[in-house]
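Novice: Once you've had a glance at the structure underneath, I'll fire off some questions.
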């Protein structure tokens, strides 16, 4: 647990929570390279599509981040 907290403090993890009212029912975290580090759903909320919703939301975020980080290179012919 200490390692996860340390990474969150260093902003190496991007995390999202899923709430039912005020109760946190699920959480996902990915590293900045979009590698999933953790995905947890409270036992009482299994089989409700929460993990899928969190996963799909994070995939969308990673795709947008990847598009924003793409670089365009152009070249000109040598004289």
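Quick note: the coordinates plus some simple rules give every number you see, no bench work behind them. Predicted model only: the values in this text are computed from it and were never measured. Reconstructed Cβ throughout: ideal geometry from the backbone, glycine too, with neighbour counts over all protein chains shown.
Novice: Arrange 13, 54, 24 by Cβ neighbour counts within 10 Å, fewest through most, would you?
Specialist: Fewest to most other Cβ atoms nearby, the residues stand as 24, 13, 54.
Novice: Let me ask something additional. By its C-alpha gyration tensor, with a ≥ b ≥ c as the square roots of the eigenvalues, how is region 2-68 shaped: rounded for a/c under 1.5, else prolate for a/b larger than b/c, else oblate?
Specialist: oblate
Novice: Taking neighbour counts of Cβ atoms within 10 Å as a proxy for exposure, in what order, fewest first, do 36, 50, 14, 28 appear?
Specialist: 36, 14, 50, 28
Novice: Still on this structure: Could you please rank 63, 11, placing first whichever residue has the fewest other Cβ atoms within 10 Å of its Cβ?
Specialist: 11, 63
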